[in-house]
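Trainee: Below: one structure in structure tokens.
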Amino acid sequence: MEMMIYAILSLKNYSGNLNALLVNMQDNDGMNLEAVSFDGIAAVVSNIEKTSVIADKSNAIAYAGVIETLMPYFTLLPMRYGSIMESTVMIEKMLERNHDEMQQILEKVENKFEFGLKIFCDSEKLRSELSIKMQEDTIAPTNHSTETINSVFREYVNKKLKEHRLEELMLTYVDSVAAGINEYLDRWNAISKFKKMSTAANIIDAVFLLDKDKKEALIRAVEDLQKQHASLTFILTGPWPPYNFVDFTIK
Amino acid sequence: MHDNVIDRSKDITILELLDRVLNKGVILTGDIVISVADVDLVYLGVKLMLCSVETMEQLKSGKPIVEK
């Protein structure tokens with residue numbers, strides 16, 4: 001029997017009975033959760049058969065459910081699904097070995113939530129609008145000889161140039177939307193990670209780590225931005241445990 | 001239209017959750033043990049899944065699907 005690790009908790013501000021809390025929470029297989037503690041931090045674990053660690057939807061959702069149930073009580077570092085060690089003794093040694101680094105990251109994410117923001121566009125419509133704008137902005141070409149105008153090479157270069165300009169316009173547009181978001185994030189000292197143009201339709205895929213008390217302000221800001229960019233679809237998700245802000249590999 | 005947005009946002013929330021649980025979080029070196037089920041495999045990578053959402057929408061709207 002192995003031990004599945006769900007999260008590393010900070011016990012700094014928790015005065016309740018951790019084991020009593022965990023007894024009331026059961027994971028998806030009905031196994032009891034337990035805590036392995038070391039000097040102010042604890043790993044929440046449960047017994048598990050290695051063969052039952054299958055990456056399917058129900059297991060992943062159940063695993064996330066345990067972490068989210070812990071989230072209101074503790075500052076925590078969520079573990080990736082499938083993190084398994086052989087015994088509580090090994091887990092305790094692991095906590096001891098990684099204690100300082102874990103404490104540092106726990107401090108970084110203390111009193112903070114993660115949010116995800118995805119922004120979608122109708123890519124064909126947006127490209128067509130930008131293409132019209134590009135044509136309007138383009139200065140009419142000067143006269144060339146018939147030979148040059150009909151040149152296949154020139155046609156090809158013009159086509160590529162147009163595509164390149166359209167890409168540039170798309171990026172400028174996406175940057176302007178991102179700048180609107182960053183204006184708010186800077187005000188709140190949020191940490192953020194942005195991916196632009198993940199797919200043709202998903203123009204922005206961002207995650208933020210910000211103070212818990214900024215949640216309502218974030219929702220209002222996204223509503224405002226949605227009004228400013230009516231042709232885009234803003235999808236805000238969260239609050240999440242800080243999955244995207246715990247870049248740490250346990251030794 | 002509004003219902004579509006809600007459905008899509010539910011799908012995205014599930015994808016976001018799966019992406020986080022399976023792909024983010026603290027890593028335990030060498031001990032990630034995940035079997036892949038023959039059926040009900042949900043994780044293909046968010047980018048791929050989002051592409052398939054796009055593809056489904058193109059199908060629904062009757063627009064031609066352009067392979068990228």
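The values are calculated or read from the model by the stated rules, or taken from the named source; none is laboratory data. Fair warning: this is a prediction, and the values are worked out from it, not measured in the lab. Heads up, the Cβs are rebuilt from the backbone with ideal geometry, glycines too, and the neighbour counts pull from every protein chain shown.
Trainee: From the list A:Leu225, A:Leu236, A:Leu210, A:Leu218, which residue is in contact with a helix residue (DSSP H, G or I) (Cβ under 7 Å, 6 or more places away or on another chain), in contact (Cβ under 8 Å) with a residue 60 or more places away in the chain, aliphatic (A, V, I, L, M) and away from chain B (no Cβ under 13 Å)?
Mentor: A:Leu210
Here is a yes/no grid of residues against (1) within 19 Å of B:Asp19 (Cα to Cα); (2) within 10 Å of chain B (Cβ to nearest Cβ); (3) buried (at least 16 other Cβ atoms within 10 Å of the Cβ):
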{"position": "A:Tyr63", "(1), (2), (3)": "yes, yes, yes"}
{"position": "A:Val66", "(1), (2), (3)": "yes, no, yes"}
{"position": "A:Arg80", "(1), (2), (3)": "yes, yes, yes"}
{"position": "A:Ser87", "(1), (2), (3)": "no, no, no"}
{"position": "A:Lys93", "(1), (2), (3)": "no, no, no"}
{"position": "A:His99", "(1), (2), (3)": "no, no, no"}
{"position": "A:Met102", "(1), (2), (3)": "no, yes, yes"}
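Trainee: Mind checking which pairs have a first residue in region B:1-26 that is more than 20 Å from A:Thr249 (Cα to Cα) and outside any loop (DSSP other than H, G, I, E, B) and a second that is of a type in the set (Lys, Arg) and at pLDDT 60 or above, Cβ under 7 Å, 6 or more apart or different chains?
Mentor: Hits for this filter: B:Ile12/A:Lys118.
Here's the yes/no breakdown for (1) of a type in the set (S, T, N, Q); (2) out of contact with any strand residue (DSSP E or B) (no Cβ under 7 Å at 6 or more places or on another chain); (3) surrounded by 12 or more Cβ atoms within 10 Å (Cβ to Cβ):
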residue	(1), (2), (3)
A:Leu169	no, yes, yes
A:Ile204	no, no, yes
A:Asp213	no, yes, no
A:His229	no, yes, yes
A:Leu232	no, no, yes
A:Leu236	no, no, yes
A:Val246	no, no, yes
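Trainee: May I ask you to list the residues in region A:176-204 that are within 14 Å of chain B (Cβ to nearest Cβ) and part of a strand (DSSP E or B)?
Mentor: Matches in region A:176-204: A:Lys193, A:Lys195, A:Lys196, A:Asn202, A:Ile203, A:Ile204.
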